[in-house]
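Okay, structure first, notes after.
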Amino acid sequence: MGATVVQLTESKKQIQHTHRVFEEQKKAFRNNPMPSLTERQENLKRLKRVLLSNQDRLLDAIDRDFSCRSKDESLIAEVMPSIQGINYTLKHLSGWMKPSKRHVSVLFQPASNKVHYQPKGVVGVIVPWNYPLYLAVGPLVASLAAGNRTMIKMSEYTPHTSALFRELIEASLPGDLVSVINGEADVAADFSSRPFDHLLFTGSTTVGKLVMRAAAENLTPVTLELGGKSPAVVSPDVPMEDAAQRIAFGKAFNAGQTCVAPDYVLCPADRVQAFVDEFRARFSEMYPSLRDNDDYTAIINERQYDRLQGYLDDAREKGAELLEVNPARENMKDGTRKIPLTLALKTTPDMKLMQDEIFGPILPVVSYGSLDEAIHYINDRPRPLALYFFGYDKTEQQHVVDNTHSGGMCINDSLMHVAQDDLPFGGVGDSGMGHYHGREGFLTFSHHRAIFTKQKFNSGKFVYAPHGTATHKMVYKLFIR
């Protein structure tokens, strides 16, 4: 009872703090609605400096939150893309900020048309637990580049990282420019109800709908980065070692706790056993042991661990063949939240792991007869965040590109499209809406303000009333045809 009261009191304080910071940032934005290029660059450089000087502390905090998070994975997926994203933005920001010239019809000459990229104001960012640093820094970089103030709600499931990130931001950037909010689910719900000028949420489709509903009350535009069941399609003739190795990397990274992780494999029926054999071999090369191997990440918490074990129990009861890839044959049931990567064969649509996004180290393998059958299988389901095709035939590659939809796609790789600074990242349909990263991030957090400019000579007077003159008739004849 006492703990509940303390939690409620703390949540109330956090909510009050959120409201206060929001008003402070709105006021600060009104006082400086168009930060200069130099201001924006300096803010990004300060962010870069604090990340670089504290990267070991950040790696340790993420490791503590997961109980075992590969520090190399955190470097590859959290620190490196954060720094590279800042560097890329610094290099290109001056060009992005320049107004773009647009065509003016002769009817309206002499005049000019330009699109000015104006900061939106105060941006809200809701961060998930699976990549707590990168999924905070990536949107923050785009928001700062566009000249906005930014409030970031960190996940309550990564308390060490969230607390440290707040400390670092407070030490390096003013609170009326960037503020980090921590707290439980009720704080997040209140956060999403603030009348932000833009709101970016990364997380599940279910929660994404709640966030969008809350934002709709304020007509707040949203970018939703969700998830879904991202398929990996193995072609009839790709060398199986190549496909299995790259799928194993994508699925094992962060123990499958990645929104763009391969969720299931579509494999030719006569190649399933070859895929299983090669997958086992390639995974075992990367992870010869699991339990005490710091390269193999644990499941974030007991809730997620129990959810994944429930998927396995449900699949087993309904007749799936579960193949545990545990190279050293270690006992993983006692004292660890690690789960061996498990292949699921002979699955059926009523199994939970075939209905929900798995978000863990379980990989169903679904057989198909023809490539078009695999494409139909994908298209019969909600559009995924990512799609992976493995095959070197360029005609097949183009056929899959032309006949499927997904937020993003890799051909003969997995995950890596997310790390491309000059590619937009985002979902479609159930996997989200809107994009960020690189220039698309700058554009997402900017208002594209159309400005039509005329000087002293006014050609418009030729169509002013009274109508029906010879001049009017000449104008209509010239331009209505």
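The values are calculated or read from the model by the stated rules, or taken from the named source; none is laboratory data. Remember, predicted model here, so these are calculated numbers, not experimental data. No Cβ is skipped: glycine too gets one built from the backbone with ideal geometry, and neighbour counts run over all protein chains shown. Heavy atoms of the whole protein, side chains included, go into the accessibility calculation; ligands, DNA and RNA do not. Shrake-Rupley method; radii C 1.70, N 1.55, O 1.52, S 1.80 Å.
Summary table below
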| quantity | calculated |
| --- | --- |
| Helix-only CD estimate at 222 nm, as mean residue ellipticity for the chain, using -39500 (n - 2.57) per DSSP H run (n ≥ 4) | -13500 deg cm²/dmol |
| Principal semi-axes in Å for the range 322-481 [√(5λ), Cα gyration tensor, largest first] | 56, 21, 15 |
| Surrounding net charge for Ile378, when Lys and Arg each add one and Asp and Glu each subtract one, Cβ distance under 12 Å | -1 |
| For the range 62-139: accessible area per residue (Å², 1.4 Å) | 40 Å² |
| Exposure of Lys114 as accessible area (Å², to 10), given a probe of 1.4 Å and all protein chains | 80 Å² |
| Ranking by accessible area, most exposed first, for Leu210, Leu387, Leu52, Leu219 with a 1.4 Å probe | Leu219, Leu210, Leu52, Leu387 |
| Inter-part distance where the range 210-264 and the range 425-446 are each reduced to a Cα centre, Å | 15 Å |
| Separation of alpha-carbon centers, the range 136-159 and the range 39-80, rounded to whole Å | 14 Å |
| Qualifying GluC sites (Glu not before Pro) in the range 208-266, DSSP loop, other Cβ atoms within 10 Å at most 13 | Glu217 |
| Residue-by-residue Karplus 3J(HN,Hα) for the range 99-104, coefficients 6.51, -1.76, 1.60, Hz, glycine and proline x | x, 9, 6, 10, 5, 10 |
| Computed label-point distance, nm, for sites Ala470 and Ala274 using a 7 Å Cα→Cβ extension | 8.3 nm |
| Qualifying trypsin sites (Lys or Arg not before Pro) for the range 428-471 [loop in DSSP, other Cβ within 10 Å: at most 14] | Lys454, Lys456 |
| Cut-off under 5 Å, modelled amide H: who pairs with Leu387 long-range | Gly408, Met409, Cys410 |
| Relative contact order of the chain, pairs being alpha-carbon contacts under 8 Å that are 6 or more residues apart, as % | 18 percent |
| Aspartates and glutamates whose Cα lies under 18 Å from that of Lys71, excluding same-chain neighbours fewer than 8 positions away | Asp56, Asp60, Asp63, Asp292, Asp294, Asp295 |
| Size of the chain as Cα extents on the principal axes (Å, biggest first) | 88, 60, 40 |
| Extension gain from Tyr392 to Ser284, taking 0.36 nm per residue of separation minus the Cα-Cα distance | 36.4 nm |
| Order of exposure, largest accessible area first, which applies to Ser143, Ser172 with probe 1.4 Å | Ser172, Ser143 |
| Euclidean distance between Cα centres, the range 293-332 to the range 349-373, Å | 16 Å |
| In Å², nearest 10: area of Tyr117 left accessible to a 1.4 Å probe | 20 Å² |
